[in-house]
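The next block holds one structure in the form of structure tokens; read it before the comments.
Please treat every number below as a calculation from the coordinates, not as lab data. Not measured: the values here are computed from a predicted model. Because the Cβ atoms are built from the backbone with ideal geometry, glycine has one as well, and the counts that use them run over all protein chains shown.
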Amino acid sequence: MLKRRIIWKKSSDPFHPFVANFEGERCVIRLNDFPAEHLYTLIVDGEEVSDFDDWSEHWLRPSQT
């Protein structure tokens, strides 16, 4: 999913600040305890999929839409 174009929206949850629907799946970005952990975790339909520190170049954040 890190190489797919996803348009993210802001959420009202400060611990999960970004959400998106991608091919029928609910995607959420969780903020982690950085620097002890990776900065973000991608969660798809409730399952942790990937930890990462840098946003994918294919993803559009709310400020970019």
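Out of the residues in region 9-43 meeting the condition of being in contact (Cβ under 8 Å) with a residue 40 or more places away in the chain and under 9 Å from the mean Cα position of the chain (by Cα), tell me which one is farthest from Ser63 (Cα to Cα).
Only one residue tops the list, namely Leu42.
For Val19, state whether it is surrounded by 13 or more Cβ atoms within 10 Å (Cβ to Cβ) and in contact with a Lys or Arg (Cβ under 9 Å, 6 or more places away or on another chain). Spell out how you get there, then give the answer.
On the way: surrounded by 13 or more Cβ atoms within 10 Å (Cβ to Cβ): yes; in contact with a Lys or Arg (Cβ under 9 Å, 6 or more places away or on another chain): yes.
Yes, satisfied.
I need a count of the residues in region 42-60 that are closer than 19 Å to Gly24 by Cα and either surrounded by 12 or more Cβ atoms within 10 Å (Cβ to Cβ) or of a type in the set (Asp, Glu) (or both).
10
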